[in-house]
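Report on the structure given below.
Readers should treat all values here as calculations from the given coordinates under stated rules, not as data from a laboratory. Please read these numbers as outputs of a predicted model, since none were measured by experiment. Counting neighbours? That spans all protein chains shown, and the Cβs are built from the backbone with ideal geometry, glycine included.
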């Protein structure tokens, strides 16, 4: 979309630690990250450790501009859902929650319908959902990127009120680029956002709300390639996996997001 004033939208870089680090290891990583993260201006910084480490990390971030997010959340407030965490549990400690990550979709049966339920629950509890969409290698090679990503956006955000849309963060993470070292090109990722994601958001919420939604790129983002992604007109930040476990690399990525 043309005419978007990107300076009106904070750029977000989220650290997704996946199944790495227990409470004490996560605390040591946060203490190593903070000296590089705190001086940065104009970038929303979010750390997403495993659920078991949220309670240990929350006090370390309290009073700082660095935010805390969960990696997953059930849509029910309570019940017999062994191993899950509820929106009420997340909101006691965190402000953000990742929803629909490709690993949840590919390994644990996440669907567009369950993504939608989690998004609605997150918004109802004042949480900021980071909603992940993206195609697999097979879908990309078959020329199905536009169809798959448009469907995931449309069904995952179905029923969300336009007034709540600015409270959503979207992350485009082509599955074939995650953890493989094969990042999409900045131009290729930007084209998916411009030609598929923004129009899908506009169809759901209207042009104004669609322009207000921040969209991250995720997939083998490093300190070396981050600036090239952030120079693209539609990319508002990054959902970072492996590099977020390396303080030097992660702080380079965050610094590159400053405008």
Pairs where the first residue, in region 147-176, is without any contact (Cβ under 8 Å) to a residue 40 or more places away in the chain and the second is surrounded by 20 or more Cβ atoms within 10 Å (Cβ to Cβ), C-beta under 7 Å, 6+ apart: 148/135
Residue under evaluation residue 119, criteria (1) assigned to a helix (DSSP H, G or I); (2) surrounded by fewer than 19 Cβ atoms within 10 Å (Cβ to Cβ); (3) under 14 Å from the mean Cα position of the chain (by Cα), criterion not met: (2)
Failed criterion for residue 103 (all others in (1) touching a strand residue (DSSP E or B) at 6+ places or on another chain (Cβ under 6 Å); (2) within 28 Å of residue 136 (Cα to Cα); (3) in a helix (DSSP H, G or I) hold): (1)
Looking only at region 41-64, and only at residues there that are buried (at least 18 other Cβ atoms within 10 Å of the Cβ) and touching a residue at least 40 places away in the same chain (Cβ under 8 Å), the one that is nearest to residue 230 (Cα to Cα): 43
Leading residue by the ranking (farthest from residue 241 (Cα to Cα)) among those in region 19-40 that are touching a strand residue (DSSP E or B) at 6+ places or on another chain (Cβ under 8 Å) and touching a residue at least 60 places away in the same chain (Cβ under 8 Å): 37
Residue within region 120-136 that is out of contact with any helix residue (DSSP H, G or I) (no Cβ under 7 Å at 6 or more places or on another chain) and under 22 Å from residue 232 (Cα atoms) present: yes
Residue in region 180-191 that is buried (at least 22 other Cβ atoms within 10 Å of the Cβ), closer than 24 Å to residue 125 by Cα and touching a residue at least 12 places away in the same chain (Cβ under 8 Å) present: no
